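Let me begin by presenting the structure, written as structure tokens, before commenting on it.
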Amino acid sequence: MAFYYDQPSRTFSEYLLVPGYSSNDCIPSNVSLRTPVTKFKKGEEPAISMNIPLVSAIMQSVSDDTMAIALAKEGGISFIFGSQSVESQAEMVRRVKSYKAGFVTSDSNISPNQTLADILELKAKTGHSTVAVTEDGTASGKFLGLVTSKDYRVSRMDPATKVSEFMTPLEKITFAREGISLKEANDIIWDHKINALPIIDENQRFVAFVFRKDYDVHKENPHELLDASKRYVVGAGINTRDYEERVPALVEAGADVLCIDSSEGYTEWQKITLQFIRDKYGDSVKVGAGNVVDREGFRFLADAGADFIKIGIGGGAICITREAKGIGRGQATAVIEVAKARDEYFEETGVYIPICSDGGIVHDYHLTLALAMGSDFCMLGRYFARFDESPSNKVMVNGSYMKEYWGEGSARARNWQRYDMGGASKLSFEEGVDSYVPYAGSLRNTLSLSLAKIKSAMCNCGALTIPELQKKARLTLVSSVSIVEGGAHDVVLKDNASTSVIF
């Protein structure tokens, strides 16, 4: 006879935190969100920690090298998607590891034979007013000059005018050679009163820009996540199919931490993959595994050698695993049970294995609930897909800007390595959808707001650290009526006054 759980599985929306005593030093500015990423023994420090408890999902529409750099600047880790060629993924990792803060690879480049119309089209696409002119129109071509808004007047010029006729040539531009330090580059910018400094190599090939406007931004990244060589920390997703080829390539490229990307982690496939990594690299290569939703799944992956374990099946905004197969569990219930298993394992072995809540996050307060329930950090897809830094296209839908967002189990992603069960090299059926999410601008502004909410809620619970929150948190189930009570109700909202009617 099948086993039946006595209680229903619950979501984050069914819980609230009950406030606790807060001392006068419990203010958001004193809160630390630092959290472990990889397992460690009692009394030791983890090999990898983060300064914020957020990582971006292993998805084509979420995590590439641009997102990895942006999130590392804020103190988190992006796991670059693995549903691409080994060479392409490894190159993304290399770009993150070779990125020098302040040295920006240009994404606005044009050739001298193109026209003013091309300049205007490029500006509309990127929003950038400074365009590099290179021989072949690429970011690494021979540098010939610049085009800024000072170089042309749309009302007085023919759109067919060649770029070569109005650009500012190299001999009239202040530039610097590759190898210059960021401090030296900024000194040149200030001394010459310029907005952008091109960096070129000894063969006149374009390397990067240093922008005046970025100076203050770099000073505002006190939580940026760096390795021992002062390079940004980056993660990468792997699968249980081509790991013998993919893992060595990612390690060679410099990936700091890997994660097996799978819709179900309680499998021999993951055990075999983890064993390969341990046999080849010992404990030097850090790798997470998952996803699981119960104690048994956690113990299995802990014993198999995972450095962290992901929780969640079917809770993602674009995941339809529960609809397609009837497999999954409410995210809150899954986190609570796995957190208990994690603590039991720590008591038994003295080894602490961090857990990551993946999916089921709809509102900012769900992040605080996930941490209070025992998660060390959260993996987010929809949240990060909304930003400029995600790799998907920004499109206009019904008069509003949106970003494309699709699941790894969708036909668009075709990530069969994540979902198949040892069958043919294709998706048997879809477990994800192709969709849109509201465009939210740059990552930095929205992320700062989300983190501020987490810190404020922690102070309401009298906690200054995540472990303290997990120790002090008191949670209560809420009724459907109290959920309604928790939002705006029985009023006419000003923004909707012309259309709202209250009975």
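The values are calculated or read from the model by the stated rules, or taken from the named source; none is laboratory data. Since we're looking at a predicted model, the values are computed, not measured. Cβ: placed from backbone, ideal geometry, glycine included. Neighbour counts: every protein chain shown. Note: areas computed on protein heavy atoms with side chains; ligands, DNA, RNA excluded. Shrake-Rupley method; radii C 1.70, N 1.55, O 1.52, S 1.80 Å.
In the list Tyr232, Tyr266, which residue meets the criterion of being surrounded by 13 or more Cβ atoms within 10 Å (Cβ to Cβ) and more than 22 Å from Val62 (Cβ to Cβ)?
On the way: Tyr232 fails: more than 22 Å from Val62 (Cβ to Cβ).
One residue alone meets the criteria, Tyr266.
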- [ ] Taking only the stretch 80-97 into account, find how many residues are surrounded by 22 or more Cβ atoms within 10 Å (Cβ to Cβ) and either in a loop (DSSP other than H, G, I, E, B) or without any contact (Cβ under 8 Å) to a residue 24 or more places away in the chain (or both).
- [x] 2
- [ ] State which residue pairs qualify: first residue part of a helix (DSSP H, G or I) and inside the stretch 331-355, second residue open to solvent by 50 Å² or more (accessible area, probe 1.4 Å) in any location, beta carbons under 6 Å apart, and separation of 6 or more residues or different chains.
- [x] Gln331/Thr11; Ala332/Arg10; Ala332/Thr11; Thr333/Ser9; Thr333/Arg10; Glu337/Arg295; Ala341/Arg295
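For the stretch 154-202, which positions are of a type in the set (Val, Ile, Thr) and either without any contact (Cβ under 8 Å) to a residue 12 or more places away in the chain or open to solvent by 70 Å² or more (accessible area, probe 1.4 Å) (or both)?
Residues of the stretch 154-202 that are of a type in the set (Val, Ile, Thr), as a first pass: 154, 161, 163, 168, 173-174, 180, 188-189, 194, 199-200.
Once the filter is applied, which keeps residues that are of a type in the set (Val, Ile, Thr) and either without any contact (Cβ under 8 Å) to a residue 12 or more places away in the chain or open to solvent by 70 Å² or more (accessible area, probe 1.4 Å) (or both), the stretch 154-202 yields only Val154.
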Task: Subset of the stretch 125-137 that is out of contact with any Pro (no Cβ under 7 Å at 6 or more places or on another chain) and open to solvent by less than 50 Å² (accessible area, probe 1.4 Å) - its residue that is nearest to Pro169 (Cα to Cα) - done: Thr134
Open item on the list: Going by what's in this entry, would Ile277 be described as of a type in the set (A, V, I, L, M) and under 21 Å from the mean Cα position of the chain (by Cα)?
Closed with: no
Open item on the list: So Ala324 passes all but one of these: (1) modelled with pLDDT under 95; (2) assigned to a loop (DSSP other than H, G, I, E, B); (3) surrounded by fewer than 24 Cβ atoms within 10 Å (Cβ to Cβ). Which condition number does it fail?
Closed with: (2)
TODO: Starting from the stretch 98-115, keep only residues that are farther than 24 Å from Ser164 by Cβ, then list their pairs with residues that are of a type in the set (S, T, N, Q) whose Cβ atoms are within a distance under 9 Å, requiring at least 6 positions of separation or different chains.
DONE: Tyr99/Thr105; Ala101/Asn221; Gly102/Asn186
Open item on the list: What are the pairs with Cβ atoms under 7 angstrom where one residue, in the stretch 380-397, is closer than 14 Å to Ser435 by Cα and the other, located anywhere, is of a type in the set (Asp, Glu)? Sequence gap at least six, or different chains.
Closed with: Ser392/Glu404; Asn393/Glu404; Val395/Glu404
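For the stretch 1-37, how many residues meet the condition of being outside any loop (DSSP other than H, G, I, E, B), under 30 Å from Asp227 (Cβ atoms) and in contact with a Ser or Thr (Cβ under 8 Å, 6 or more places away or on another chain)?
Quick first cut of the stretch 1-37, residues outside any loop (DSSP other than H, G, I, E, B) only: 12-17, 28-30, 35-36.
Next, from what is left, pick out any that are under 30 Å from Asp227 (Cβ atoms): 28-30, 35-36.
With the extra rule that they be in contact with a Ser or Thr (Cβ under 8 Å, 6 or more places away or on another chain), the set shrinks to 28, 35-36.
Going through the stretch 1-37 one residue at a time, the tally reaches 3.
Kindly establish whether Gly374 is on the phi > 0 side of the Ramachandran plot, open to solvent by less than 10 Å² (accessible area, probe 1.4 Å) and either under 16 Å from the mean Cα position of the chain (by Cα) or in contact (Cβ under 8 Å) with a residue 40 or more places away in the chain (or both). Outline the logic, then answer.
Numbers: on the phi > 0 side of the Ramachandran plot: yes; open to solvent by less than 10 Å² (accessible area, probe 1.4 Å): yes; either under 16 Å from the mean Cα position of the chain (by Cα) or in contact (Cβ under 8 Å) with a residue 40 or more places away in the chain (or both): yes.
In short, yes.
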